[in-house]
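What follows is a single structure, written as structure tokens, with notes after it.
The values are calculated or read from the model by the stated rules, or taken from the named source; none is laboratory data. Computed from a prediction, not measured in an experiment: that's the story for all the values here. Cβ coordinates were reconstructed from backbone atoms using ideal geometry, including for glycine residues, and neighbour counts include every protein chain displayed.
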Amino acid sequence: MFPYIKMRYFHVYEVIKYVGFHSFLKETVYLNREAIPVEKDLSCLIGLSKHKSCSTLEVLEINHEILRNGHYHYRFHNRRQKAYYYLRSGFHGFGIVDGREIVGDIWYCDPFGADKSFVHPDLLWLGIECQKKQVYSFDMFLAPQKRGHNYAFYLQNYFLHHLKERNFSKVYGYFWADNIPALWVHRQIKWKELRRVRSHRFFFLKIH
Amino acid sequence: MMIADHIREFILSELIQDKSITNLSNDESLIESGIIDSLGIQKLLTFIEDRISIQISDEDIIPENFETIEAIVSFIKSKMPRSTEIRQ
């Protein structure tokens, strides 16, 4: 329980500090917000070309060793806390690295994987049922200072190619209809959009 | 000034970081070249909605509508009432 509270504390603190209180409120208090669940068939991916603005970036799999050995570090403390929490929950993640700094990441859970990751709670309210060789991706993040250079597109596309290499057949996920940058990246990559779901939230109380 | 010129001027001044680029043709790909990325699309939509009184829904935000200046102009025209003017 304590790691979860610590993770939440740093999340709230850093969102307010770096993005602002208004953004924090927008993410935690809403009524009738529309989520768009999506799926991507990994047999039809778009090419893995690296735009020149991403030439210095690398994508790597995040594991306990990478976090502990100090060679790479997270720009934000809350993302580091989340990474530990997600790894402990049996989830898997990829980070986008600029030099030695992890400036963004994306995570997935494999309900049928050998490590028996938790069933992600999003699957229930989104109405998604993963079959074998299908995974759910979630919580893609990019440091605010790094947004706007095609990094998000590169990270997500690389991530999908990597899942294909691991013989997964389909990936599910979702984005908020009012989150234009996320919507744009998903539509560029041609995710198939599923039936929309409305959601309400008052801080930690979520109603779907 | 035509709609295409307004869009071009905005893209050149606000979305292109390489300031050696001083012109853009109407059929140049804005997505493949990385000019319109996830943050760029947000700025462009705000610009269009501020300058032209049209409502853009999330269903409109597809790469086909923003691939080139030509595509953006034709998308804007399809959403514009005939009497609409562009604010300077």
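Taking A:Leu124 as the residue in question, decide whether it is surrounded by 15 or more Cβ atoms within 10 Å (Cβ to Cβ) and among the aliphatic types (A, V, I, L, M).
Answer is no for this residue.
A:Pro121 fails exactly one of the following numbered conditions: (1) in contact (Cβ under 8 Å) with a residue 40 or more places away in the chain; (2) away from chain B (no Cβ under 14 Å); (3) out of contact with any strand residue (DSSP E or B) (no Cβ under 7 Å at 6 or more places or on another chain). What is the number of that condition?
Every condition holds for A:Pro121 apart from (1).
Could you check A:Ala143 against (1) at pLDDT 90 or above; (2) surrounded by 22 or more Cβ atoms within 10 Å (Cβ to Cβ); (3) within 14 Å of chain B (Cβ to nearest Cβ) and say which number it fails?
Only one criterion in (1) at pLDDT 90 or above; (2) surrounded by 22 or more Cβ atoms within 10 Å (Cβ to Cβ); (3) within 14 Å of chain B (Cβ to nearest Cβ) is unmet by A:Ala143, namely (2).
Which residue, of A:His186, A:His162, is at pLDDT 95 or above, surrounded by 21 or more Cβ atoms within 10 Å (Cβ to Cβ) and under 17 Å from the mean Cα position of the chain (by Cα)?
Result of the check over A:His186, A:His162: A:His186.
Out of all the residues in the stretch A:104-118, which are out of contact with any Ser or Thr (no Cβ under 8 Å at 6 or more places or on another chain), surrounded by 12 or more Cβ atoms within 10 Å (Cβ to Cβ), at pLDDT below 95 and not small (Gly, Ala, Ser)?
Correct list: A:Phe112 only.
Quick one: count up the residues across the stretch A:6-60 that are in a helix (DSSP H, G or I) and either touching a Lys or Arg at 6+ places or on another chain (Cβ under 6 Å) or not charged (D, E, K, R) (or both).
The total comes to 18.
Kindly indicate whether any position in the stretch A:90-100 is within 14 Å of another protein chain (Cβ to nearest Cβ) and either surrounded by 12 or more Cβ atoms within 10 Å (Cβ to Cβ) or among the β-branched types (Val, Ile, Thr) (or both).
yes
For A:Gly148, only one of the following conditions fails: (1) modelled with pLDDT of 90 or more; (2) at positive phi. What is its number?
Looking at each condition in turn, A:Gly148 falls short on (1).
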